[in-house]
Amino acid sequence: MQSAAEVEREFAKAGIPAAPVRTYAEAAANPHVIERDMLHPIEQEDGNTVPLTGPAVRFSRTPIWIRTRAARG
């Protein structure tokens, strides 16, 4: 059995774009995610703070952020 890294290298050699599926924790720790400030800590109704994915589109002159949690359904 090959590791994900080995498979990724083989695909790259063949010119096939590929990447392993990551857990939420792995994705949240990715340097690119951190540098782009993609996760926003939002306080929930129970007082816990959780990181939520912010808007994918970023505008240099009109930044947008998550300001509040979603209403409880």
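Here are the numbers:
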item: Residue match in segment 4-23 (condition: of a type in the set (Phe, Trp, Tyr), modelled with pLDDT under 90 and over 10 Å from the mean Cα position of the chain (by Cα)); result: no
item: Residue list for segment 23-73, restricted to those being among the charged types (D, E, K, R) and touching a Ser or Thr at 6+ places or on another chain (Cβ under 9 Å); result: 43
item: Meets criteria (modelled with pLDDT of 90 or more and either open to solvent by less than 80 Å² (accessible area, probe 1.4 Å) or not in a strand (DSSP E or B) (or both)) for residue 59; result: no
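The values are calculated or read from the model by the stated rules, or taken from the named source; none is laboratory data. Remember, predicted model here, so these are calculated numbers, not experimental data. Cβ atoms come from the backbone with ideal geometry, glycine included; neighbour counts cover every protein chain shown. In case anyone asks, the SASA skips ligands and DNA or RNA and just uses the protein heavy atoms, side chains included. Shrake-Rupley method; radii C 1.70, N 1.55, O 1.52, S 1.80 Å.
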